[in-house]
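Bear in mind these aren't lab numbers, they're just calculated from the coordinates by the rules spelled out. What you are looking at is a predicted structure, and each value in this text was computed from that prediction instead of being measured. With ideal geometry, Cβ positions are generated from the backbone for all residues, glycine too; neighbour counts draw on all protein chains shown.
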Amino acid sequence: MSEPGRPQAGPTLDPEDWSELRALGHRMLDDMLDEMARLRERPVWTKLPDEVRASFREALPQEPTPLDAVYRDFQRRIQPYSSGNTHPRFMGWVQGGGTAIGALAEMLAAAMNSNCGGRDHGAIEVERQIARWAAELFGFPESASGIFVTGTSIANFIALTVARTDRLGAASRREGIAASGQNLTAYVSAAAHGCIRQAMELAGFGSDALRMIPTDATHRIDLAALREAIARDRAAGATPFFLVGNAGTVDTGAIDDLDALASLARDEKLWFHIDGALGALAMLSPALRPRFAGIERAESIAFDFHKFGQIPYDAGFILVRDGERHRAAFASPAAYLRREARGLAGGSPWPCDFGPDLSRGFRALKTWFTLKAYGAACIGAEIARSCELARYLERSIVAEPRLELLAPVALNIVCFRYRAADSDRLNAEIAAELQERGIAAPSTTTVGGRLAIRACLINHRIQPEDIDALLAGVLKIGQALDHG
Ligand SMILES: Cc1ncc(COP(=O)(O)O)c(C=O)c1O
């Protein structure tokens, strides 16, 4: 007998007929794998036609659309216009190519729908496992802590926040920076990624408190200039507290002298943080590993599994040597997040104690699958292969009188240009033409005040033939535009 007023069982969002959904789901999976297997057959990038762009201004749909129609719409209006970073001719910015294994794991994670902010469940144990693997890779102690974040931009911000609380004490979380009366200053090379400056802004220091130290001829931080800047600041009454070493700069891939920076940080009592977005995972390659000597002495490392690690977006990571100091910067008691010794509310500390996110997806699973299925050595070998391709591109440029190499090749980034009178304008046009014709997708940057075509070889699908196609395209388009 049902109690009066008791609601009836109602519809849920699950299908009534699972078999229909299952058939379509299997087709989606087959199509997805077919697409990945045939990447080479399509251009690296196709500009979104105006009418397709305009079609995304449709009103919020109130009524249901059959799922197979939604899927067809995806195939027609969305999938063909991806940014192309899965394609072997994608060489722009710093973007990994992803793998089918990572995509499958992401699908499994989506079905689990885990909220990895906290509580006692398996997904969090997988994330803890990745943190231990990262600690092992970088020579950090077992007591290190780490969590997944969107990317290195936020990981750098977290490191800065940990260093701030460590320097000013727990009360500073309540009182703010100004209450300390200290003028805290931070240091990084002028080649740093813009997210370091942004982290200084977000953390309340202001970017004026960040000293952008000049680089030497190899684009590494100039140690003498760094020492002088620190001394100058101390003499002026400031308190230097944070030093960032680049394990691969965004423009040229230069790796700072991390060991020297670690010693300097120790002597000056600075928090030594590594921006390893681009290069830190090259530690997986025994051949490349020695170039990062000193990384194991850092207090924190920010890096991305979605770049050299080839994990599908997004999978940034922050690793902190001293887990307690890390927790001290973020953990906040709240009645609704009460920890217990048993039950689902057990397992403290939780990932939300180590960063600002409470709701967090299961980024660890695609990383765990990838590292297990390929093995770390295989990922390391792929990274070494990318660097070998970069050296091949470098040699080809040096051997071609119409081209000019603009920076030494430290890892996997090659900056070069077509020689011409109006070279900045011409090379920007060459890059855009290469993209629009779907030949290859390098990006551009400025090196020493000169516009460079920048090829960042971080996608595991790139082969020597793709390097050849890039070069042939640059020469052909460069010649046509220069004499056109
Ligand atoms: C050296 C460096 N630092 C930080 C970042 C920012 O990383 P993310 O895009 O994952 O936030 C990048 C991105 O390319 C980078 O190359």
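A few remarks follow.
- Scanning the chain for DSSP H helices at least 30 Å long along the axis (C-alpha atoms) with a Kyte-Doolittle mean no lower than -0.5 picks out 376-398.
- Relative contact order of region 276-400, taken over Cα pairs closer than 8 Å and 6 or more residues apart, is 27 percent.
- Residue-count net charge about residue 138 - beta-carbon cut-off 13 Å; Lys, Arg +1, Asp, Glu -1: 0
- Residue exposure sequence - 474, 409 - by fewest surrounding Cβ within 10 Å: 409, 474
- Calculated FRET value between residue 70 and residue 436, using beta carbons and R₀ = 30 Å, to 0.05: 0.50
- Gyration tensor verdict on region 93-180 (Cα atoms; rounded if a/c is under 1.5, prolate if a/b is larger than b/c, oblate otherwise): prolate
- The ranking of 326, 87 from fewest to most other beta carbons within 10 Å of each one's beta carbon is 87, 326.
- As a rough footprinting exposure proxy, the listed residues 250, 52 were ranked by other beta carbons within 10 Å of their own, and the order from fewest upward is 52, 250.
- Full-extension gain in nm, residue 39 to residue 231, via 0.36 nm per residue minus C-alpha separation: 63.7 nm
- About the centre of its Cα atoms, region 116-215 shows a dipole size close to 240 debye [charges on the beta carbon of Lys, Arg (+1) and Asp, Glu (-1) only; nearest 20 debye].
- FRET efficiency for the pair residue 269 and residue 27, taken as 1/(1 + (r/R0)^6) with r the Cβ-Cβ distance and R0 = 35 Å, rounds to 0.05.
- Between residue 216 and residue 483, the contour length at 0.36 nm per residue exceeds the Cα-Cα span by 92.5 nm.
- Listed by chain and number, the lysines whose C-alpha is less than 20 Å from the C-alpha of residue 366, apart from same-chain residues fewer than 8 away, are 307.
- Options 398, 317, 337, ranked by Cα towards positive dipole end of region 283-407, top entry (Cβ charges): 337
- Summed over qualifying helices (DSSP H, 4 residues or more, each -39500 (n - 2.57)) and divided by its residue number, the chain shows a 222 nm mean residue ellipticity of -12500 deg cm²/dmol.
- Cα gyration tensor shape of the chain, rounded if a/c is under 1.5, else prolate or oblate by comparing a/b with b/c: oblate
- Extension gain, residue 55 to residue 335, is 96.2 nm, computed as 0.36 nm per intervening residue step minus the present C-alpha separation.
- Global form of region 205-316, assessed from the alpha-carbon gyration tensor, a/c cut-off 1.5: prolate
- The chain: relative contact order in percent, alpha carbon pairs under 8 Å with at least 6 residues between: 21 percent
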